[in-house]
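Presented below is the structure to which this report refers.
The values are calculated or read from the model by the stated rules, or taken from the named source; none is laboratory data. Nothing here was measured: the structure is a model prediction, and the numbers come from that model. Cβ sites come from the backbone with ideal geometry, for glycine too, and all protein chains shown count toward neighbours.
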Amino acid sequence: MGKVYLVGAGPGDEELITVKGVRAIKEADVILYDRLVNHSLLDYAKADAELIFCGKMPRKHGLIQEKINEQLIYHAGKGKTVTRLKGGDPFIFGRGGEEALHLEEHQIAYEVVPGITSAISAAAYAGIPLTHRTISGSVSFINGSDPDGKTDEEWRHLALGADTLCFYMGVRKFPIICEKLMQAGLKETTPVSIIHWGTFSHQKSIVADLITVSDRLDEISNPSMIVVGEVVRLREKIRWFEEQKESIQSFS
């Protein structure tokens, strides 16, 4: 019987993967990789490794989850070392928990290799610390794909339960999310940043507030991370990554 590694590839910058994650790529006989994984990481794979793309586009699914689970069991059952390479962290909106449970049910050995999730990394590259001693002492990670699926009480809990809110998969429904947050008690002037392709060289960020950000959504698309909270204001002074890019472009 083989073994499966559920590996977080990090947010996009290929240097942000862990040493253990790289080792799992190098040792794999089979690699199942997602759309948002930096494809440069596949250069670490063995020459004879089988590479299987199983990414999902928004509203366009590639290899669906049930098929992915089957592939993990099939290849590990043949005695192969399988690396499931996932963007960000496998246990933060990455369905790694579902895959781990499936492996448990079929008594397949596995390890989880954590990765840097996009909320932490995209915000950091945009110059937004998710916590700050005098501004934010708590953070929530929220699935933004179905804002209508939450009750008003749940929205009050989300809006007021943490100082910083990070929405994954929320761009398409963000006007609804903004409305729900304001109805739940957040001020219209609460700052918002949307970070597109966080940590990639072509990262782009916009900053607005809850009442106006919907007017700027045509400037951005998926994949994007959304950060809501007073820490967003710190970006004015700490936008190190984009300033670095601008400096390089000016020099060249």
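Taking the criterion of being among the basic types (K, R) and modelled with pLDDT under 95, would at least one residue in the stretch 2-25 satisfy it? There is no residue in the stretch 2-25 that is among the basic types (K, R) and modelled with pLDDT under 95. Hey, any hits in the stretch 193-205 for a residue that's aromatic (F, W, Y) and within 21 Å of S136 (Cα to Cα)? The answer is no; no qualifying residue exists. L130: of a type in the set (A, V, I, L, M, F, W, C) and either assigned by TED's automatic domain parsing to the domain that holds V30 or outside any loop (DSSP other than H, G, I, E, B) (or both), yes or no? No. Among the numbered conditions (1) without any contact (Cβ under 8 Å) to a residue 60 or more places away in the chain; (2) over 21 Å from V37 (Cα atoms); (3) crowded, with 19+ Cβ neighbours inside 10 Å, the only one that L130 does not meet is (1).
Restricting attention to the stretch 69-83, does a residue exist that is farther than 24 Å from G170 by Cα, out of contact with any helix residue (DSSP H, G or I) (no Cβ under 9 Å at 6 or more places or on another chain) and polar (S, T, N, Q)? Yes, the stretch 69-83 has at least one match.
Return yes or no: is I142 closer than 26 Å to Q183 by Cβ, without any contact (Cβ under 8 Å) to a residue 60 or more places away in the chain and not in a helix (DSSP H, G or I)? Working first, answer last.
Numbers: closer than 26 Å to Q183 by Cβ: yes; without any contact (Cβ under 8 Å) to a residue 60 or more places away in the chain: yes; not in a helix (DSSP H, G or I): yes.
When the stated conditions are applied, I142 passes them.
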